[in-house]
Amino acid sequence: MKREKSNQEFERAKRVIPGGVNSPVRAFKSVQSTPAFISHGKGARIFDIDGNEYIDFVGSWGPLILGHAFPAVIDAIEEAVRKGTSFGAPTVKETDVAELICNMVPSVEKVRMVNSGTEATMSALRLARGFTGREKVIKFAGCYHGHVDSFLIQAGSGALTHSVPDSMGVTRGTASDTLLAEYNNPESVERLFSGNQNKIAAVILEPVAGNMGVVPPAPGFLDRLRKLTQENGALLIFDEVITGFRLSGGGAQEYYDVTPDITTLGKIIGGGLPVGAFGGKKEIMDYLAPEGGVYQAGTLAGNPVSMAAGYAMLKFLNDHPEIYKELEDKGATLEEGIRENLGKTGIPGVVNRVGSMMTLFFSNAGQIYSYKYALTANTAMYAGYFKLAVENGIYIAPSQFESMFVSYAHTREDIEETVAKNLEALRILKNP
Ligand code: KE4
């Protein structure tokens, strides 16, 4: 594939944007490559400025469950933007979106709009701390909740006693209030609760992890967390920025029938425009200013253009629940095809999938159900696979520890083509 224009644009961008990108993963560093600059997208495909075409399984990292430039979303944006872009005052569409989210997501009785998933999780944590009067929070190694100081934390040497910052600029003080547990290991949570009695405000997790690669909850894991938090007076926060409206109209909490106290949302609810949200029971949400004493605000929160896009997206999903069966079937076909290809080539791999989100781990661990298992993946092999796939017109995440997303726009032919090209790539990896 020719990439002259993208390469030139990347050099130009690096002169004025850190790393040439506005979000690190886009720089393709972890796969030792350089990014394609995208000119436009339509349906399941994106096109770069050198004229290359790709079947897209990144989908802007999750928002585009209906595909690129979905007509109902584009029409809604066009209609809204002609009336102005922002008023800093209430608009009816914000209430329309809030009512729809409350109707679709079991745990949500009230919801506050923000501008990103990071803002949603940051605000949800402050709300949980304000509501409980407690300071500590439990998160899980391998789960990502945006670039919030309190969540950019990794296990310290004595993992059960202290945590350490995972980024420069995060203070030890902040880190000391974040406790690290192991995904799918409820005993690791129990130990933290017994070692920090009456100090833990909340447990936050991705109900299906997408940021260590896809790692589903083990049977009963979410139920155990629900009971443990209730028993210990802590709130359960489901970070559904990826899974919200992805796994079902009611997200993972509907899919697994476990109801959290607070839910954070993003991605799909903006239809591709900058949106985040957090919601929960009235008694909790009414702690937020101007009702209560937990301050949170945002100039462009509930922006009328983003709300128009989000409403069009959510309404289409709510009116067409049959989409989720179709996404399940397409996801299953893709998973089965990749598994068969691994068998044909003898390349060690683990495929984790829930609905339309999945990850092919280049690992011989057999099963990957927590971060330490995800880390067994051969990231060099993934990098090689990534380059072969993209070179062959299959656009996947430039990191082993992300999810592939199947959208409503992917056709059966797209899936068949992808399975065939996956086999070609695996054969080359096997015999370079
Ligand atoms: P944003 O601030 O990027 O809108 O959302 C943060 C966030 C919160 N929670 C979960 C579960 C998330 O996955 C994310 C963001 N996801 C990453 C990729 N998995 C966004 C891609 C990027 O960082 O550019």
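The values are calculated or read from the model by the stated rules, or taken from the named source; none is laboratory data. Being a predicted model, the structure only gives us computed values, none of them experimental. Virtual Cβ from ideal backbone geometry, glycine too; neighbours counted across all protein chains shown.
Which count do you get for residues in region 109-135 that are in a loop (DSSP other than H, G, I, E, B) and among the small types (Gly, Ala, Ser)?
Number satisfying all stated conditions: 2.
If I ask for residues that are over 24 Å from the mean Cα position of the chain (by Cα) and surrounded by fewer than 19 Cβ atoms within 10 Å (Cβ to Cβ), which ones from region 178-227 would you list?
Passing the criteria: Glu187, Glu190, Arg191, Ser194, Gly195, Asn196, Gln197, Asn198, Lys199, Lys227.
Would you point out the residue of region 389-425, among those that are outside any loop (DSSP other than H, G, I, E, B) and touching a Leu at 6+ places or on another chain (Cβ under 7 Å), that is farthest from Pro216 (Cα to Cα)?
Per the criteria, the residue is Ala425.
Might you let me know whether region 129-148 holds any residue that is touching a helix residue (DSSP H, G or I) at 6+ places or on another chain (Cβ under 8 Å) and free of Cβ contacts under 8 Å to residues at least 40 places away in the same chain?
Looking through region 129-148, at least one residue is touching a helix residue (DSSP H, G or I) at 6+ places or on another chain (Cβ under 8 Å) and free of Cβ contacts under 8 Å to residues at least 40 places away in the same chain.
Here is a check on your reading of the model: is Leu180 in a helix (DSSP H, G or I), under 24 Å from Thr118 (Cβ atoms), away from the ligand (no atom under 15 Å from the Cβ) and in contact (Cβ under 8 Å) with a residue 24 or more places away in the chain?
No; evaluated as a whole, the condition is false for this residue.
For region 48-57, does any single residue satisfy the condition of being over 30 Å from Val258 (Cβ atoms), of a type in the set (Asp, Glu) and crowded, with 23+ Cβ neighbours inside 10 Å?
For region 48-57, residues over 30 Å from Val258 (Cβ atoms), of a type in the set (Asp, Glu) and crowded, with 23+ Cβ neighbours inside 10 Å: present.
With the structure loaded, tell me whether Lys139 is within 19 Å of the chain's Cα centre (by Cα), among the charged types (D, E, K, R) and crowded, with 19+ Cβ neighbours inside 10 Å or whether it fails that test.
Yes, satisfied.
So which residues in region 364-388 are in a helix (DSSP H, G or I) and buried (at least 20 other Cβ atoms within 10 Å of the Cβ)?
Tyr371, Tyr373, Ala374, Tyr382, Tyr385, Phe386
Val73 versus (1) within 23 Å of Leu247 (Cα to Cα); (2) within 16 Å of the ligand (Cβ to nearest atom): which is the lone unmet condition?
Unmet for Val73, out of (1) within 23 Å of Leu247 (Cα to Cα); (2) within 16 Å of the ligand (Cβ to nearest atom): (2).
Please specify each residue of region 20-57 satisfying the condition of being assigned to a strand (DSSP E or B) and either closer than 23 Å to Gln400 by Cβ or within 16 Å of the ligand (Cβ to nearest atom) (or both).
Once the filter is applied, which keeps residues that are assigned to a strand (DSSP E or B) and either closer than 23 Å to Gln400 by Cβ or within 16 Å of the ligand (Cβ to nearest atom) (or both), region 20-57 yields Ile38, Ile46, Asp48, Tyr54, Ile55, Asp56.
With out of contact with any Lys or Arg (no Cβ under 7 Å at 6 or more places or on another chain) and within 16 Å of the ligand (Cβ to nearest atom) as the only criterion, which of Gly310, Gly250, Gly279 stands out?
Gly310
Name the pairs whose Cβ atoms lie under 6 Å apart, with the first residue in region 385-403 and farther than 16 Å from Asn341 by Cα and within 10 Å of the ligand (Cβ to nearest atom), the second of a type in the set (S, T, N, Q) and modelled with pLDDT of 95 or more, and 6 or more positions between them or separate chains?
Within 6 Å, the pairs are Ser403/Thr359.
Only one of these is under 19 Å from Ala124 (Cβ atoms), of a type in the set (Gly, Ala, Ser), touching a residue at least 40 places away in the same chain (Cβ under 8 Å) and surrounded by fewer than 20 Cβ atoms within 10 Å (Cβ to Cβ): Gly251, Gly293, Gly310, Gly302. Name it.
Just one listed residue meets the conditions, Gly293.
Please give the number of the condition Arg246 fails out of (1) free of Cβ contacts under 8 Å to residues at least 40 places away in the same chain; (2) among the charged types (D, E, K, R); (3) in a loop (DSSP other than H, G, I, E, B).
Of the numbered conditions (1) free of Cβ contacts under 8 Å to residues at least 40 places away in the same chain; (2) among the charged types (D, E, K, R); (3) in a loop (DSSP other than H, G, I, E, B), the odd one out for Arg246 is (1).
Has region 90-108 got at least one residue that is in a strand (DSSP E or B) and surrounded by 18 or more Cβ atoms within 10 Å (Cβ to Cβ)?
No, that holds for no residue.
Which residues, taken from region 116-137, are under 18 Å from Ala181 (Cβ atoms), of a type outside the set (A, V, I, L, M, F, W, C) and within 16 Å of the ligand (Cβ to nearest atom)?
Thr121
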